[in-house]
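To start, the structure itself, in structure tokens.
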Amino acid sequence: MYSKAFIPYGGYYSSPFVRWQGSISNENSIELGAATAKRWLAAKNLEAAIFDYLFVGKTVGQLRTFHTAPWAAALLGAERTTGLHVQQACSTGTTCVSLAAAGLEMGNLNSSFCLMVDRMSNSPHSIWPNSNGIGGKVVSEDWVLDNFLDPIGKYPMINTAENVVKRAGNITREECDAVTARRYEQYLDALANEREFQKRYMFAIEYKKGKKEVGVVDADEGVTPTSLDSLRKLKPVLEGGVHTFGSQTFPSDANCGIIVTTKDKAQELSSDKKIQIQVLSYGFARAERGYMAMAVVPAAMMALEKAAISVSNVKAFKSHNPFIANDLYMAKEMGIDVMNFNNYGCSLIYGHPQAPTAGRGIIELIEELVILGGGYGVFTGCAAGDTGAALVIKVG
């Protein structure tokens, strides 16, 4: 349990999530993330030098990845600030915030910035030496597409979701379609009143559209309009399965940032001094091989136990749900209403850029808790290797 880690109200942003091979598919994610964060800090009248450490979450290789954190810090304008490159697949954002909180708890850090960046588009095609190869033959890897296949179990990730459906024995295609349609309705709530909810935290991306032209993305790109009728017409991805292309997520590109600091500094930086946001605990888990969707539950339960609260104390849940079975399994196991969490959006609907996914989920969780008048919130999500990670946040 953490007692010293706080997030200023408004001390965070997420860019829009941009469709795969879309507007920012040619931008280096480190450069773009640092440039976006620098513009956001300037809009807040903040200098990057206030941070004594930078956590950069990034999962997809980019040019000059070796220098990720110190390079990003320099691009932010903090050339004397050091940092860490964090890579934990889909749990990267959750772990960045937890590491920043742990640094405060240990007394090593005072103020950190968690910058999560990724570009799933145009991912690297890597060539690796093969000392046993005949005639100089090499081993190659498509960074994103090849890693949708687990190297241990040799199965695609969608198989892990279908495995959980079969093991649970109480998840149907009809439920999957109904909950997916509900998730799209919840996303539409975030677009109501001229995107009032999203404008609480979303910050536009500026990118190179041409030699002399700057493009701007100020809203999500790539979201597919969804209804129960349209979902019912889709065929399962796997024969006999419950998931269609409508009930699983899709790759995207984005960046986001979260300040983690002391209670006093959070109060100073907060855009509303009456609101207090505390990072309470972190949980992690690894499920049985081939059952990735199950990991969200023990991760969440560990975080709840460390925070010394129960499921009944939680006012809002958010999850990273690459497959809708994640939410159905979680709801059935934890005894929560599947139709009443992931309000205002989730990665199933607006896409999954890896590192920024959890960051945006945590940010939306905070804003939902503020709207609800405060309380406890849980973010949990699965990640590659049948793993999961969770955070408990308290808004007062």
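The values are calculated or read from the model by the stated rules, or taken from the named source; none is laboratory data. The model shown is predicted, which means the values in this text are computed figures rather than measured ones. Virtual Cβ from ideal backbone geometry, glycine too; neighbours counted across all protein chains shown.
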ask   = What number of residues within segment 21-47 are assigned to a helix (DSSP H, G or I) and either over 12 Å from residue 77 (Cα atoms) or touching a Lys or Arg at 6+ places or on another chain (Cβ under 7 Å) (or both)?
value = 8
request  = Could you run through segment 4-59 and say how many residues are among the hydroxyl-bearing types (Ser, Thr, Tyr), surrounded by 24 or more Cβ atoms within 10 Å (Cβ to Cβ) and more than 20 Å from residue 277 (Cα to Cα)?
outcome  = 4
task = Determine, yes or no, whether residue 340 is buried (at least 24 other Cβ atoms within 10 Å of the Cβ) and either farther than 19 Å from residue 201 by Cβ or over 18 Å from the mean Cα position of the chain (by Cα) (or both).
result = no
task = Could you grab me the full set of residues in segment 66-78 that are assigned to a helix (DSSP H, G or I) and among the small types (Gly, Ala, Ser)?
result = 69, 72, 73, 74
Output for segment 363-396, where each listed residue is within 18 Å of the chain's Cα centre (by Cα), among the hydroxyl-bearing types (Ser, Thr, Tyr) and either surrounded by fewer than 24 Cβ atoms within 10 Å (Cβ to Cβ) or more than 23 Å from residue 90 (Cβ to Cβ) (or both) = 387
ask   = What are the residues in segment 180-199 that are surrounded by fewer than 22 Cβ atoms within 10 Å (Cβ to Cβ) and in contact with a Leu (Cβ under 6 Å, 6 or more places away or on another chain), if any?
value = 181
query = If you go through segment 79-98, how many residues are crowded, with 23+ Cβ neighbours inside 10 Å, among the hydrophobic types (A, V, I, L, M, F, W, C) and outside any strand (DSSP E or B)?
reply = 2
query = Could you give every pair whose Cβ atoms fall below 9 Å, whose first residue belongs to segment 249-267 and is closer than 12 Å to residue 351 by Cα and among the aliphatic types (A, V, I, L, M), and whose second residue is part of a strand (DSSP E or B) and at pLDDT 95 or above, counting only separations of at least 6 or pairs across chains?
reply = 254/14; 254/18; 254/116; 254/117; 254/118; 254/119; 254/205
note = Expected single match for of a type in the set (A, V, I, L, M, F, W, C) and closer than 23 Å to residue 262 by Cβ among 41, 32 is 41
